[in-house]
Amino acid sequence: MARCLGPLLLLLLLLLLLGSPSSEGRNRCVDAAEACTADALCQQLRTEYVARCLDRAAPGGCPRARCRRALRRFFARGPPALTHALLFCPCAGPACAERRRQTFVPACAFSGPGLAPPSCLAPLDACEHSRVCRCARGCGFGGRGGVGRGREGAGQSLPPVRSPPPRPPRRPRLLAFQASCAPAPSAPDGCLPDQAPSCRRAYAGLVGTAITPNYVDNASARVAPWCDCGASGNRREECEAFRGLFTRNRCLDSAIQAFVSWWPPILQDQLDSLQDPGHSLLQVSSADEPPEGSSLFFMLPVLALQPLL
């Protein structure tokens, strides 16, 4: 079994990076994967997180900290149109939805080593004590972090004309998600008209943190962190309120479902290029030449390799 594991993981790596044609018509998650493959920066960052998250040589079998760090780099430095297309690609069937669920190697980045998820209080508490989860880029709240220290005494050492304008403090990631995806009772449908893009950005900011969310199955677009509230004791209400930010949030659901109407032009061009069956994905040579056609990996669906993750 050990001898077979390496080649199978390599095949999974190729599937994640190159994509595979869909048996249910156009698979937009494959389109997003192929567009990322054709972009040099997106491909580089994606290769990095896949390699980190599939590194079975690490102690314990999953280098979760390095995996999540690489995921944060992917969303922080990659082209947003491509990174968000991989995260929110719309699906019409279970094969596409399963691919979407597996895109960010959930066995390492999302779920824990046990079969049962922990209490949601565990990732919530970890987030509250994590500088990465609490703050997007530097704290600057209540005297903590670089923003507060950078401004102290600045006017005494440098002329005002040479002093850069102070950067406004960024919201903690969880707080940004709460604010960006919060329902608006006064709105006709319960959500603000232009809320969806900022909600998706804030949700993507949580990927790679202690409360990394993911799609919970391949039959819907429902998302949640890897946790439940069965063992939350006298903090059950707090636990349910936190999990409800993902599982009972109509504005988050609407933002994810609305991504299809915002399908980026770069990906629409990719869809058009796929109409030519004479091209091959393996012939991509630069970021300006989109990948086309299909690959020989259609015989190896991700579902067959899922137990090995």
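Once the piece of chain linking Asp194 and Thr247 is laid out straight, how much longer is it, given 0.36 nm per residue of separation minus the C-alpha distance between them?
17.0 nm
Please label the shape of the stretch 192-242 as rounded, prolate or oblate, based on the square roots a ≥ b ≥ c of the eigenvalues of the alpha-carbon gyration tensor (a/c under 1.5 means rounded; beyond that, a/b larger than b/c means prolate, else oblate).
prolate
For a label point 7 angstrom out from the Cα of Ala182 toward its Cβ, which stretches of the stretch 226-259 have the backbone nitrogen within less than 19 Å?
Answer for this model: 238-255.
Highest mean first, how do 245-251, 66-72 rank when packing is the count of other Cβ atoms within 10 Å averaged over residues?
66-72, 245-251
Run through the stretch 73-109 and list the trypsin sites (Lys or Arg not before Pro) located in a DSSP loop whose Cβ has at most 13 other Cβ atoms within 10 Å.
Counting only loop positions with at most 13 other Cβ atoms within 10 Å, none of the trypsin sites (Lys or Arg not before Pro) in the stretch 73-109 qualifies.
What figure in square angstrom, to the nearest 10, would you give for the accessible area of Ser111 with a 1.4 Å probe?
Number for this one is 20 Å².
Answer rounded, prolate or oblate for the stretch 203-273, using the Cα gyration tensor with square roots of eigenvalues a ≥ b ≥ c: rounded when a/c is under 1.5, else prolate when a/b is larger than b/c, else oblate.
prolate
Under a 5 Å amide H to amide H cut-off, with H placed in plane at 1.01 Å, what residues pair with Asn214 once short-range neighbours are removed?
Sorted by chain and number, the residues that satisfy this are Ala224.
Can you put Cys199, Cys62 in order of accessible area, largest first, using a 1.4 Å probe?
The residues order as Cys62, Cys199, largest area first.
The values are calculated or read from the model by the stated rules, or taken from the named source; none is laboratory data. All of these numbers come straight from a predicted model, not from anything done at the bench. Note: ideal-geometry Cβ built from the backbone for every residue, glycine included; neighbour counts use all protein chains shown. The area values use the complete protein model at the heavy-atom level, side chains included, leaving out ligands, DNA and RNA. Shrake-Rupley method; radii C 1.70, N 1.55, O 1.52, S 1.80 Å.
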